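Notes to accompany the following structure.
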Amino acid sequence: MSDKVIYVMYDDDHILKDGAKKLVSNGVKISEVFSPFPIHGIDPIIGIKNTRLGIMAFLYGITGLTLATLGMRYFMVVDWPMNIGGKPNFTYLDNILAFVPVTFEFTVLCAAHGMAITYLLLNKTLPGMPAQNPDPRTTDDKFVMEIRLSENSNITEEDIDALLSDTGYFELDKKEVK
Amino acid sequence: MQKEAAIREPLILGHKTYHDITEDVCRPIEDKAPKMWYILFGIALIIGLYGVGCILYLLGTGVGVWGLNKTIGWAWDITNFVWWVGIGHAGTLISAVLLLFRQKWRMAINRSAEAMTIFAVFMAGLFPLIHMGRLWVGYWVLPLPNQFGSLWVNFNSPLLWDVFAISTYLSVSLVFWYIGLIPDFATIRDRAKKPLAKKMYSILSFGWSGRAKNWNRFELVSLVLAGLATPLVFSVHSIVSFDFATSVIPGWHTTIFPPYFVAGAVFSGFAMVQTLMLVMRKAMGLEAYIHTKHVEYMNVVIMVTGSIVGTAYITELFISWYSGVEYEAYAFLNRATGPYWWAYWSMMTCNVISPQLMWFRKLRRSLLFTFFISIVVNIGMWFERYVIIVTSIHRDYVPAAWSMHYPSHIDIGVYVGTIGLFFVFFLLFARFFPVLALNEVKTILKGSGQSYKESPDYHNHH
C-alpha cells in the first residue's frame with residue numbers, strides 16, 4: 001500500500017514543540033520526531049511512553065548478584081574450601097565480608113553491560129546499520145517532524161497543510177513511500 | 001528549558017548557534033591536522049615505542065631486570081599502576097557523579113576527560129600484566145574451569161578484587177563513553193564529504209538517527225549508567241587501597257586508606273584533566289566552551305580533594321604515634337627523616353601546600369598558574385605512591401635486610417613509555433573523535449549560553 005509522508009523541518013526545538021502541541025490538539029498523529037539532541041517534554045506530546053530500560057538494568061543487576069554469589073560459593077566453599085591459618089571456609093555466610101567487593105563489581109558489570117546491549121538492540125543501532133534520519137541536517141541544527149497520511153485517516157492532507165502553515169516551519173517535504 | 005541565576009557566569013561564551021557548536025567541534029576533525037599535531041604525535045610515538053621495547057625486553061628476560069631486591073619486592077611497577085589508576089578517576093567522576101549532581105559545566109569536559117580515563121586505565125592495567133612475567137598466561141586471573149584439579153583463584157585476596165574492580169571500571173567507562181559518542185559520530189557522519197570518512201563514521205555511529213524514542217532511552221541509560229558508575233568510581237580506588245591496607249606491613253596497615261586513596265585519585269585525575277584541557281582548548285579553538293569558569297570549578301575540586309589528602313597525611317602521622325605501636329611509629333619517622341626524606345617532603349609540598357594556593361581567586365582563575373600546579377600535583381601524587389610503597393618496606397623488622405631501591409633503566413623506560421603511549425592514544429582521540437559532547441552541549445545553549453542569558457526576555461520567557 002502506498003503512503004505519503006510529510007517531513008516538516010524546524011530550526012528551533014521550541015518552535016517544533018509548540019507546533020507539535022497544536023497539531024496534536026487538532027487530532028493529527030505525529031509518527032516521529034528527529035532531532036540532534038533530546039527535546040525535553042516532546043515525549044508526552046507525541047505520545048511516547050517512558051522507557052522501561054531501568055527495570056531491565058535492575059534485573060540484570062540481580063542476575064549478576066546471584067551469579068557472583070553462586071560462583072564464589074562454589075569456588076571457595078564447595079569445591080575447594082581454602083584453609084587459611086587453620087580457619088577453613090566452611091560456610092559462605094561466615095566469609096561473606098571477603099566476598100563483598102567482587103559481588104558488588106560483578107553486579108555493576110552485569111547491570112551496565114546488560115542494559116547497554118539491550119539499549120543498542122532496542123534502538124536498532126549496531127555497527128554497520130544504515131542511518132535513517134530523513135535529512136542529514138537533523139544531526140546538526142534542524143528538527144524534523146514526520147507525519148504519515150496512513151495514520152491520519154480522520155483528517156485530510158489539506159487540513160494538515162493548513163495547520164502546519166502557521167507553525168513557523170523552516171522547510172516542508174512530502175514523499176511517496178511504498 | 002532550564003533556567004539558572006542571571007549572575008551565574010554563562011557556560012558558553014559568545015553568540016553561538018546550534019550550528020556553530022557543530023562547526024566548532026567538527027572543524028578540527030575535518031580539517032588537515034596542524035603541523036604541531038604531527039610533531040607531538042611523533043614524539044609521543046617514539047617514547048611509546050621505547051617503552052614497548054623495554055616491556056619486550058622485560059618479558060624476554062624476566063622481572064629481574066627491574067631494580068627490585070629481596071626486601072623491596074614492589075616498587076615502580078605498583079607505584080605506576082596506582083598512579084595511572086588514580087589519574088583514571090577524573091573522567092568517570094566528571095561524567096557520572098557530576099551528572100547525578102546536575103552540574104552542567106561537566107558537558108564541556110566530560111568527553112575528553114573520559115577518554116583520558118580510559119587511556120590511563122589501559123596504562124595502569126599494563127603493569128599488573130607485565131609484572132606476572134608470563135604475559136600469555138594473564139587469563140589465569142579469571143576463575144576459569146581448568147585441568148589443574150580444583151584450582152580456583154582466591155576470592156579472599158584484594159589482588160583478585162583488583163582484577164574485578166579494574167576490569168569492571170574499564171569496561172563500564174568504555175561503554176558509558178561510547179554511548180555518549182554515538183550521536184556525535186552521527187553528526188560527523190552526516191557532514192562527512194570524503195567517502196572513506198563517511199564509511200568509517202557511519203560504522204562508528206551504529207546508524208544513529210536521533211528518533212524521539214532513541215533520545216528518551218538515551219537519557220535514561222545515561223542516568224542509570226551514571227548511577228552505577230558513581231559507586232564504581234569510589235569502589236575502584238578503595239579496592240586498590242586494600243592491596244596495602246589489608247596487609248600487616250607498618251605504614252600500609254591503616255583503615256584510613258580507602259577514603260584517602262579515593263580523594264587522592266580524584267585530586268590527581270583532575271590535575272591531569274587540567275593539564276590536557278588547557279592545551280587542548282587552545283590548540284583546537286574551544287575557548288568559548290572550556291573557559292576560565294570551568295578551570296575554576298576544577299580547581300575547586302582540586303583544592304577540596306587536596307585538603308582531604310593533606311588531612312589524611314597528618315592523621316596518619318598522628319595515629320602512628322598515638323597508636324603506641326613502635327613499628328608503626330618508626331615507619332612514619334623513617335618516611336620523614338630516613339633516607340627517603342626528600343621523596344616524603346616533595347610529596348608534602350606538592351600535595352598539601354600547592355592546592356591551598358587555590359583559595360586565592362586570582363590564582364585559581366589564572367590559566368598559567370593552573371597549568372603549573374596541575375603538573376606539580378601529578379608529580380606529588382607519583383611521590384605519594386612511591387613513599388607509601390617503598391619507604392614502608394625498605395626497612396623491615398630485620399635490620400640486616402634493610403635496603404634501598406634504585407630504579408633500573410628498564411623501570412624508567414617502562415614508566416616513561418606508558419606516558420608516551422598515553423599521549424599517542426590521546427592525540428589520536430583528539431584528531432578523529434569529537435572532543436566535546438557536542439550534542440549534549442547544545443541542550444545547555446539556551447540555558448547557559450552568553451547571548452541567551454544577556455537577551456532581555458531570558459527571564460520572562462515561557
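Taking segment B:347-460 as the region of interest, the helices (runs of 4 or more DSSP H) fully inside it that hold 3 or more residues being within 18 Å of the chain's Cα centre (by Cα) are B:367-386, B:409-432. Is it fair to say B:LEU225 is within 17 Å of A:ILE42 (Cβ to Cβ) and at the interface with another protein chain (Cβ under 7 Å from one of its Cβ atoms)? Here the answer is no, as B:LEU225 does not meet what is asked.
Of the residues making up segment B:282-322, those that are at pLDDT below 90 and farther than 20 Å from B:PRO10 by Cα are B:ALA283, B:MET284.
Here B:PHE218 qualifies as crowded, with 21+ Cβ neighbours inside 10 Å, within 14 Å of chain A (Cβ to nearest Cβ), among the hydrophobic types (A, V, I, L, M, F, W, C) and farther than 14 Å from B:GLY91 by Cβ.
Return yes when B:ARG111 is of a type in the set (Lys, Arg) and crowded, with 17+ Cβ neighbours inside 10 Å and no when it is not.
Values: of a type in the set (Lys, Arg): yes; crowded, with 17+ Cβ neighbours inside 10 Å: yes.
So B:ARG111 passes the test.
So, in segment A:124-153, of the ones that are part of a helix (DSSP H, G or I) and closer than 15 Å to A:VAL33 by Cβ, which residue ends up farthest from the other protein chains (Cβ to nearest Cβ)?
That would be A:GLU151.
Output the residues belonging to segment A:91-134 that are touching a Lys or Arg at 6+ places or on another chain (Cβ under 7 Å), touching a residue at least 40 places away in the same chain (Cβ under 8 Å) and not aliphatic (A, V, I, L, M). Write out each step before concluding.
Within segment A:91-134, the first condition is being touching a Lys or Arg at 6+ places or on another chain (Cβ under 7 Å), and the residues that meet it are A:92, A:119, A:122-123, A:131.
Of the ones still in play, those that are also touching a residue at least 40 places away in the same chain (Cβ under 8 Å) are A:119, A:122.
Correct list: A:TYR119 only.
So in segment A:1-42, with the set limited to residues that are assigned to a helix (DSSP H, G or I) and basic (Lys, Arg), which one is nearest to B:GLU440 (Cα to Cα)? Explain how you work it out, then say what you get.
Here is the first cut: in segment A:1-42, the ones assigned to a helix (DSSP H, G or I) are A:13-25, A:42.
Then drop every residue that is not basic (Lys, Arg), which leaves A:17, A:21-22.
Values: A:LYS17: 19, A:LYS21: 24, A:LYS22: 27 Å.
The residue in question is A:LYS17.
Looking across segment B:80-130 at every residue that is closer than 18 Å to A:ALA112 by Cβ and of a type in the set (Ser, Thr, Tyr), the one that is farthest from the chain's Cα centre (by Cα) is identified as B:SER95.
So which residues in segment B:314-332 are in a helix (DSSP H, G or I) and surrounded by 14 or more Cβ atoms within 10 Å (Cβ to Cβ)?
The first filter runs over segment B:314-332 and keeps only residues in a helix (DSSP H, G or I), leaving B:314-322, B:326-332.
Across segment B:314-332, the qualifying residues are B:THR315, B:GLU316, B:LEU317, B:ILE319, B:SER320, B:TYR327, B:GLU328, B:ALA329, B:TYR330, B:ALA331, B:PHE332.
Take the residues of segment A:44-55 that are outside any loop (DSSP other than H, G, I, E, B) and within 12 Å of the chain's Cα centre (by Cα): which is farthest from A:PRO134 (Cα to Cα)? It would help to see each step written out before you state the result.
Residues of segment A:44-55 outside any loop (DSSP other than H, G, I, E, B): A:44-45, A:53-55.
Still in the list and also within 12 Å of the chain's Cα centre (by Cα): A:53-54.
Details: A:LEU53: 27, A:GLY54: 30 Å.
Only one residue tops the list, namely A:GLY54.
Only one entry of A:ASP141, A:ASP161, A:ASP166 meets the criterion of being assigned by TED's automatic domain parsing to the domain that holds A:ASN26, farther than 24 Å from B:SER238 by Cβ and at pLDDT 85 or above, and that entry is A:ASP141.
How many residues does segment A:1-30 contain that are of a type outside the set (D, E, K, R) and surrounded by fewer than 15 Cβ atoms within 10 Å (Cβ to Cβ)?
Step one: list which residues in segment A:1-30 are of a type outside the set (D, E, K, R), which gives A:1-2, A:5-10, A:14-16, A:19-20, A:23-28, A:30.
Now drop any that are not surrounded by fewer than 15 Cβ atoms within 10 Å (Cβ to Cβ), which leaves A:1-2, A:25-27.
Residues in segment A:1-30 being of a type outside the set (D, E, K, R) and surrounded by fewer than 15 Cβ atoms within 10 Å (Cβ to Cβ): 5 in total.
Within segment B:263-272, is there a residue that is away from chain A (no Cβ under 14 Å) and surrounded by fewer than 24 Cβ atoms within 10 Å (Cβ to Cβ)?
Our first condition is that a residue be away from chain A (no Cβ under 14 Å); within segment B:263-272, this holds for B:263-272.
This time we only want the ones that are surrounded by fewer than 24 Cβ atoms within 10 Å (Cβ to Cβ), so: B:263.
Checked against the condition, which is being away from chain A (no Cβ under 14 Å) and surrounded by fewer than 24 Cβ atoms within 10 Å (Cβ to Cβ), segment B:263-272 yields at least one hit.
Going through (1) in contact (Cβ under 8 Å) with a residue 40 or more places away in the chain; (2) β-branched (Val, Ile, Thr); (3) facing another protein chain (nearest Cβ under 8 Å); (4) over 18 Å from B:THR443 (Cα atoms) one by one, B:ILE179 falls short only on (4).
Could you please let me know if B:VAL248 is more than 8 Å from chain A (Cβ to nearest Cβ) and at pLDDT below 90? Please lay out each step first, then the result.
Details: more than 8 Å from chain A (Cβ to nearest Cβ): yes; at pLDDT below 90: yes.
The answer is yes for B:VAL248.
Within the set A:ILE30, A:ILE96, A:ILE117, the sole residue that is of a type in the set (Val, Ile, Thr), at pLDDT 85 or above and in contact with a strand residue (DSSP E or B) (Cβ under 9 Å, 6 or more places away or on another chain) turns out to be A:ILE30.
Free of Cβ contacts under 8 Å to residues at least 12 places away in the same chain, assigned to a helix (DSSP H, G or I) and either of a type in the set (Ser, Thr, Tyr) or within 14 Å of chain B (Cβ to nearest Cβ) (or both), is that true of A:LEU70? Show your work before the answer.
Numbers: free of Cβ contacts under 8 Å to residues at least 12 places away in the same chain: yes; assigned to a helix (DSSP H, G or I): yes; either of a type in the set (Ser, Thr, Tyr) or within 14 Å of chain B (Cβ to nearest Cβ) (or both): yes.
For A:LEU70, the condition - free of Cβ contacts under 8 Å to residues at least 12 places away in the same chain, assigned to a helix (DSSP H, G or I) and either of a type in the set (Ser, Thr, Tyr) or within 14 Å of chain B (Cβ to nearest Cβ) (or both) - is met.
Output yes when any residue across segment B:146-161 is without any contact (Cβ under 8 Å) to a residue 60 or more places away in the chain, part of a loop (DSSP other than H, G, I, E, B), among the β-branched types (Val, Ile, Thr) and surrounded by 14 or more Cβ atoms within 10 Å (Cβ to Cβ), and no when none is. Taking every residue of segment B:146-161 in turn, at least one turns out to be without any contact (Cβ under 8 Å) to a residue 60 or more places away in the chain, part of a loop (DSSP other than H, G, I, E, B), among the β-branched types (Val, Ile, Thr) and surrounded by 14 or more Cβ atoms within 10 Å (Cβ to Cβ). Given (1) more than 14 Å from every other protein chain (Cβ to nearest Cβ); (2) within 30 Å of A:PRO81 (Cβ to Cβ), where does B:TRP152 come up short, assuming only one miss? Only one criterion in (1) more than 14 Å from every other protein chain (Cβ to nearest Cβ); (2) within 30 Å of A:PRO81 (Cβ to Cβ) is unmet by B:TRP152, namely (1).
Being closer than 26 Å to B:LEU232 by Cα, more than 7 Å from chain A (Cβ to nearest Cβ) and touching a Ser or Thr at 6+ places or on another chain (Cβ under 6 Å) is the requirement here; does B:PRO128 meet it? Considered against the rule, which asks whether it is closer than 26 Å to B:LEU232 by Cα, more than 7 Å from chain A (Cβ to nearest Cβ) and touching a Ser or Thr at 6+ places or on another chain (Cβ under 6 Å), B:PRO128 comes out as no. Going by what's in this entry, would A:MET76 be described as in contact with a Phe, Trp or Tyr (Cβ under 8 Å, 6 or more places away or on another chain), part of a helix (DSSP H, G or I), at pLDDT 90 or above and buried (at least 21 other Cβ atoms within 10 Å of the Cβ)? For A:MET76, the condition - in contact with a Phe, Trp or Tyr (Cβ under 8 Å, 6 or more places away or on another chain), part of a helix (DSSP H, G or I), at pLDDT 90 or above and buried (at least 21 other Cβ atoms within 10 Å of the Cβ) - is not met.
The values are calculated or read from the model by the stated rules, or taken from the named source; none is laboratory data. All of these numbers come straight from a predicted model, not from anything done at the bench. A quick note on method: Cβ atoms are made from the backbone with ideal geometry, for glycine too, and the neighbour counts reach across all protein chains shown.
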